[in-house]
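Novice: Dumping the structure here so I can ask a few things about it.
The numbers here are math on the coordinates, done by the rules we state, and not lab data. Just so it is clear, the structure is predicted and the values come from calculations on it, not from any experiment. Here Cβ is always computed from backbone atoms with ideal geometry, including for glycine, and neighbour counts include all displayed protein chains.
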Amino acid sequence: MPADVLEKTPTFSGPGGGAGGGGERPGGGPGPSGDGAPGILGDPAAFALWAFLGTVSMLFLGFTSAYILRRASADWRPLAAPPVLWLNTALLAASSVSLEAARRRLRGWDLPASERWLLATGLLGLLFVAGQYAGWRQLAARGVFLASNPHSSFFYVLTGVHAVHLLGGLAWFVAARRRLRRLAYAPGEDGLRLFATYWHFLGALWAYLLVLLFVL
Amino acid sequence: MAQSTAAHTHEAHGHEAPRSFIFKYVFSKDHKVIGIQYYVTAMLMAWVAGLLAMLIRLQLAWPEKTWPGLGRFLSAGFTDGVMNPEFYAMLFTMHGTIMVFFVLSTAPVSGFGNLLIPLQCGARDMAFPFLNALSYWTFLPGCVVILASFFVGAGAAAGGWTSYPPLSALPGTIPGSQAGQTLWIVGMVFFIASFTMGGLNFLTTILNLRTKGLSLMRLPLTMWSMMLVAILGLLAFPALTGASLMLIFDRHFGTSFFLPAGLVVSGQALVGPDGAPLHQGGSPLLWQHLFWFLGHPEVYILMLPALGFTSDIIATFARKPIFGYKTMAAAMVAIAGLSFVVWGHHMFVSGMSPYLGMAFAVGTMLIAVPSAVKVFNWLATLWKSRITYRTPMLWAMGVVSLFISGGLSGILLGQSAVDIPLHDTYFVVAHFHLIMAGAALFGVFGATAYWFPKMFGRMMNETLGKLHFWLTFVAYYCVFFPMHYTGLAGHMRRIYDPYQYEFLKALQPINQFITVAAFVLGAAQLIFLVNFLWSALRGQKAGENPWQANGLEWTTPSPPPHGNWPDEIPEVHRSPYDYSVPGVEADHVMQTDPAPVGERAPHHAG
């Protein structure tokens, strides 16, 4: 559970400091951070999330370098994208939009609306994963498997690793939804900010992979 | 709402001290307990990897002798008392893997990092205590998987700690490439996951949770090293994660990321029933690039904490501020930065464009500059100082010694023209055991003696400690220094019986000398084991600050309570290296002392 994983030790709490006002909660937004540092340094959860995104980026950078090197070999057979991928891309983009809507409703303390938009985000994410699976089936129906040629190998591996990260995002969605239903956020708090950071990152990562695999 | 209020109260005080034994000492979220868990696990793994080294040395000294007793005990590795070549390959593979990842990345980084980061930064705990506990409980299964790999079918991985394909990718090539290699990959994935969780915690804690007044330029150099290690781990390990995943697909699902066409294994061409090659187009070099993109930063993950410990210890026992604090920190940043652009120097013999090789060679040689800055600053700190030769200081000076003797051969090996004849000989084995393994190991021993009070509230025994140091120091040089010579004489790495070659027969006596020294080195570690256990239980009680040192960790009882400080977290007013400050009567000024009016600033203050 991301919410548990982000259980955190308070930032500096010296004399008169205190760990931020009432706003700072696990996985939540930054409260007034007392004597702590301003910006992201006063917000350990956000900082750690960006550091994590850094390490995920390095993973895909490693795959990218392998992909570019491997593509130069003689046995490379370009693969046509399964058509369902374009629908999946639209689904993932829509989920990012709906997450922003949920976030804005939460800030405006319109909780039922926020919950509806959040649910839409999760469902769209789930549909994306299902769509990716459909894409794999479409390829398999054409007789293109994991080991068929290097391009298909990279396609299955990269979409698979991306889907695993997206499943992590869906677990975060479940936790965020539970917090929202339990009214675990304070009025005005940007409670979905970190989840949104992660989710939009996955969207951008998908766009990048799509360009890498089928446009470049 | 009630739940959220409870959560908030809980958070404002950090997590509360657990009461039951199992949550206090086993599934603890306290960074000190987790640090000790990591440390003890790593040291147990060190015994395993050390024993593997003893068997390697036995074989290299007397390959013609039979060992019926050992043969009965290790029946899978011996035939009629003679070691099997496959078993030998497994020994050096697993010795390297366990030592590099599960001992020397773990004890200094995960062990002392967890113990020291909140104590030296003035925090109640690591930024994410649950994630921290999860990190250890991910690491431990990794250890279990790696140890279990010795007992599967054909034995543990035997393709070298670098696991180069095609050897590691084709189960049919050697016995060790069967289930053992699969478990090697699984164990590494556990390790990387745990190291990533740890790295996120390290970086966040050091950058976000420092106490009031503790600017980056007032951090102990150990904290600089931990911060850099975390960055290196987060940016470098993903390359191995990705490569391992692709290797799994090559091994088990028929892809060709690393496997070219035309492979012949045991006289059989790798072709399908239709005569078409099973694999084609893959590049074994691709694995090497990805592996060493991790591998080179990884050796600095081992080294940097030792450099940090050494700086802290030398300043304390020389009673002088560390010379050139800012350049010391900058040198570590430079070493860490350069580590990302020199991986190619591990691959000069694999074949690369001479222009690219030149770039890698120049980058490698550049590392000598910040390294020399560190050495000269240590020597300048020691210059005309009043040195107290306590055990931690001996180890720290041992690190300096090894850093110099191992570093000099690094400058030779960094040049492709020199590396090509010396690569894959014992010259390289000598080099990296002195600088990477030796300095890291001595750093761990120094840190153990120095921070033992903060682990167990007691001092380690000085007599045993000094005996352990001198035996280890002398034996260590006796083992690894002659390897420069055997390497220059042509003794190859990873070879089961060197004396099958006429020109290496003359090296048998010197290899026997090395082996005897290695046995002394191994036996000397029993002294450490006894000292560690005895001192942890019966050692002399340590006060708050037994070494009269300045850092924040010395302002709290030994061992520190849950939450690290019984009262408020102290504020920081100065550098941790204010020893023998002019105009101040005491020979050291705690980091928490407000600066007295009119005090002359020590020369290093920034």
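Novice: So what is the calculated 222 nm ellipticity per residue for chain B, using -39500 (n - 2.57) for each DSSP H run with n of 4 or more, over all residues, to the nearest 500 deg cm²/dmol?
Specialist: -19000 deg cm²/dmol
Novice: Need one number: nm distance between label points at B:Phe376 and B:Val271, each 7 Å from Cα along Cα→Cβ, rounded to one decimal.
Specialist: Distance between the two pseudo-spin positions: 6.4 nm.
Novice: Order these by the 10 Å Cβ neighbour count, fewest first: B:Ser339, B:Ser311. Can you show the working numbers first?
Specialist: On the way: B:Ser339 23, B:Ser311 29.
By the 10 Å Cβ count, ascending: B:Ser339, B:Ser311.
Novice: Right, another one. Taking the Cα atoms of segment B:137-219, what is the range of coordinates along each of the three principal axes, in descending order and whole Å?
Specialist: If we take the Cα atoms of segment B:137-219, the spans are 60, 24, 14 Å.
Novice: By counting other Cβ atoms within 10 Å of each Cβ, how are B:Ile56, B:Ile117 ranked from fewest to most?
Specialist: So the ranking, lowest neighbour count to highest, is B:Ile56, B:Ile117.
Novice: For segment B:223-240, what does the Karplus curve 6.51 cos²θ - 1.76 cosθ + 1.60, with θ = phi - 60°, yield as ³J(HN,Hα) per residue in whole Hz, taken in order and with x for Gly and Pro?
Specialist: After applying 6.51 cos²θ - 1.76 cosθ + 1.60, I find 5, 4, 5, 5, 5, 5, 4, 5, 5, 4, x, 5, 8, 9, 4, x, 4, 6 Hz.
Novice: Here is a further query. Using only atoms on other chains, find how many Cβ atoms lie within 10 Å of each Cβ of peptide B:310-318 and report the average.
Specialist: Mean shielding count: 0.
Novice: Taking each residue in B:251-260, count the Cβ atoms of any other chain within 10 Å of its Cβ, then average. What number comes out?
Specialist: Mean shielding by partner chains, rounded to a whole number: 4.
Novice: Okay, moving on. Mind checking the mean number of beta-carbon atoms from other chains within 10 Å of the Cβ atoms in B:208-216?
Specialist: 5
Novice: Based on the mean of other Cβ atoms within 10 Å per residue, sort peptides A:191-199, B:296-304 so the most packed one is first.
Specialist: B:296-304, A:191-199
Novice: Can you give the relative contact order of chain B as a percent, counting alpha carbon pairs under 8 Å and 6+ residues apart?
Specialist: Rounded, it is 15 percent for chain B.
Novice: Can you check what the Kirkwood hydrodynamic radius comes to for segment B:187-283, Cα pairs only, in Å to one decimal?
Specialist: Values: mean 1/r = 0.0595 Å⁻¹.
Averaging 1/r across every pair of different Cα atoms and inverting gives 16.8 Å.
Novice: Kindly provide the GluC sites (Glu not before Pro) of segment B:524-583 that DSSP labels as loop, not H, G, I, E or B, and whose Cβ sees at most 14 other Cβ atoms within 10 Å.
Specialist: B:Glu544, B:Glu568
Novice: Still on this structure: Treating cross-link reach as a plain straight distance, find the lysines whose alpha-carbon is under 22 Å from the alpha-carbon of B:Lys29, omitting any fewer than eight places away in the same chain.
Specialist: Within reach: A:Lys8, B:Lys454.
Novice: Order the peptides B:97-106, A:120-129 from the highest to the lowest mean number of other Cβ atoms within 10 Å of their residues.
Specialist: Highest mean packing first, the order is B:97-106, A:120-129.
Novice: Past the 26 Å Cα-Cα mark, which pairs from B:Lys32/B:Lys320; B:Lys212/B:Lys384; B:Lys212/B:Lys326?
Specialist: Distance filter (> 26 Å) returns B:Lys32/B:Lys320; B:Lys212/B:Lys384.
Novice: Assuming 1.306 mPa s and 10 °C, estimate D for segment B:191-347 with Stokes-Einstein, Rh taken as the Kirkwood radius over Cα pairs, in µm²/s.
Specialist: Roughly 86 µm²/s, to the nearest whole number.
Novice: So what are the protein assembly as shown's ellipsoid semi-axes, whole angstrom, largest first, if each one is the square root of 5 times an eigenvalue of the alpha-carbon gyration tensor?
Specialist: 41, 41, 23
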